[in-house]
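Below you'll find the structure, written out as structure tokens, and then a few comments.
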Amino acid sequence: MIKGTNITRVYKKGSVETHALRGVDIEIKKGEFVAIVGKSGAGKSTLLYQLSLLDTPTTGTIHIDNTDIATLSIKERTNFRLNYLGYVFQDYALLPELTAEESVLLPLMMQGYTTEDARKRADEVLTRLELSHRTTWRPSQLSGGEQQRVSVARAIAHTPLILFADEPTANLDSVTSKQLLEYLEELNQAGQTIVMVTHELEYAQHAHRIIEMSDGSIIKETRHKK
Ligand SMILES: Nc1ncnc2c1ncn2[C@@H]1O[C@H](COP(=O)(O)OP(=O)(O)O)[C@@H](O)[C@H]1O
Ligand SMILES: [Mg+2]
């Protein structure tokens, strides 16, 4: 489903170069739940940004479903992200003025859903994440765990090929984090491909495969029997 070959990413600031990725090869198969772990600064987020088309590698290639991403125009790339990928960030990234339902509904409407279909689908995913009693609430009225579930609902409503999550539990307490991981695991069991960055080894245990990074390289891969 995604294949990255020899990916490098060099950040340049004035005369300072940071080699955030030093030639990473990675393949993620349909239906997998992959965790990327490693210390702060190891290059986890940078790798996720390359795979999820939020950034462009300095060198190397990325194929998603046999499409070489480098061949897409900027517009095609944006559409690809909107239609086929889903994102969850550690700070939830919800718009403060939108209700839970609106947060999920709006991206669906941007993709051409009718209001009625978007509302139906939004309610379906919000119910799935046990938020049916929160549809009219705004972020400031929701707990951290609920806000993160709204952001997951928003990310999966259009049934993306891949759900990308960068430290989704970083701002949650341990009980709420475990709950969120259980929701992600359920979504994966229902077929959602997930790539999650975490620095908590315990949470990575929910994944099928754990990829450990250090200093811009993959140093270890562990498979779990599931
Ligand atoms: N936008 C940026 N500009 C310059 N350096 C960056 C930028 N983003 C990340 N880095 C550097 O790249 C390295 C990897 O960062 P990152 O991918 O964020 O690591 P992780 O997510 O594993 O903590 C770090 O040394 C970080 O300081
Ligand atoms: Mg990071």
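The values are calculated or read from the model by the stated rules, or taken from the named source; none is laboratory data. Nothing here was measured: the structure is a model prediction, and the numbers come from that model. Cβ sites come from the backbone with ideal geometry, for glycine too, and all protein chains shown count toward neighbours.
Is the stretch 169-183 home to any residue that is under 14 Å from the mean Cα position of the chain (by Cα) and within 14 Å of ligand 2 (Cβ to nearest atom)? Yes, some residue in the stretch 169-183 is under 14 Å from the mean Cα position of the chain (by Cα) and within 14 Å of ligand 2 (Cβ to nearest atom).
Is it the case that residue 66 is in contact (Cβ under 8 Å) with a residue 12 or more places away in the chain and more than 16 Å from ligand 1 (Cβ to nearest atom)? Considered against the rule, which asks whether it is in contact (Cβ under 8 Å) with a residue 12 or more places away in the chain and more than 16 Å from ligand 1 (Cβ to nearest atom), residue 66 comes out as no. Counting the residues of the stretch 16-32 that are out of contact with any Lys or Arg (no Cβ under 6 Å at 6 or more places or on another chain) and within 13 Å of ligand 1 (Cβ to nearest atom) gives 6.
Here residue 32 passes the criteria (1) among the acidic types (Asp, Glu); (2) farther than 30 Å from residue 189 by Cβ; (3) surrounded by 13 or more Cβ atoms within 10 Å (Cβ to Cβ) except the one numbered (2). Of the candidates 186, 146, 124, the single residue that is within 26 Å of residue 29 (Cβ to Cβ) and acidic (Asp, Glu) is 186.
When you look at residue 38, is it modelled with pLDDT of 95 or more and either within 16 Å of ligand 1 (Cβ to nearest atom) or closer than 29 Å to residue 109 by Cβ (or both), yes or no? Against the criterion (modelled with pLDDT of 95 or more and either within 16 Å of ligand 1 (Cβ to nearest atom) or closer than 29 Å to residue 109 by Cβ (or both)), residue 38 qualifies. Restricting attention to the stretch 78-95, the residues that are in contact with a strand residue (DSSP E or B) (Cβ under 6 Å, 6 or more places away or on another chain) and β-branched (Val, Ile, Thr) total 1. Figure legend. Inter-residue proximity from the stretch 195-212: first residues in contact (Cβ under 8 Å) with a residue 60 or more places away in the chain, second residues more than 15 Å from ligand 2 (Cβ to nearest atom) and of a type in the set (Phe, Trp, Tyr), beta-carbon distance below 8 Å, spacing 6+ or different chains. Indicated pairs: 196/33; 206/33; 207/33; 208/33; 209/33.
Here residue 195 meets each of (1) within 16 Å of ligand 2 (Cβ to nearest atom); (2) more than 12 Å from residue 32 (Cβ to Cβ); (3) under 14 Å from the mean Cα position of the chain (by Cα); (4) modelled with pLDDT of 95 or more with one exception, condition (2). Quick one: which residue in 221, 202 is more than 16 Å from ligand 1 (Cβ to nearest atom) and at pLDDT below 95? When all the criteria are applied, what remains is 202. The set of residues in the stretch 184-194 that are in contact (Cβ under 8 Å) with a residue 24 or more places away in the chain and either charged (D, E, K, R) or closer than 22 Å to residue 44 by Cα (or both) comprises 184, 185, 188, 192, 193, 194.
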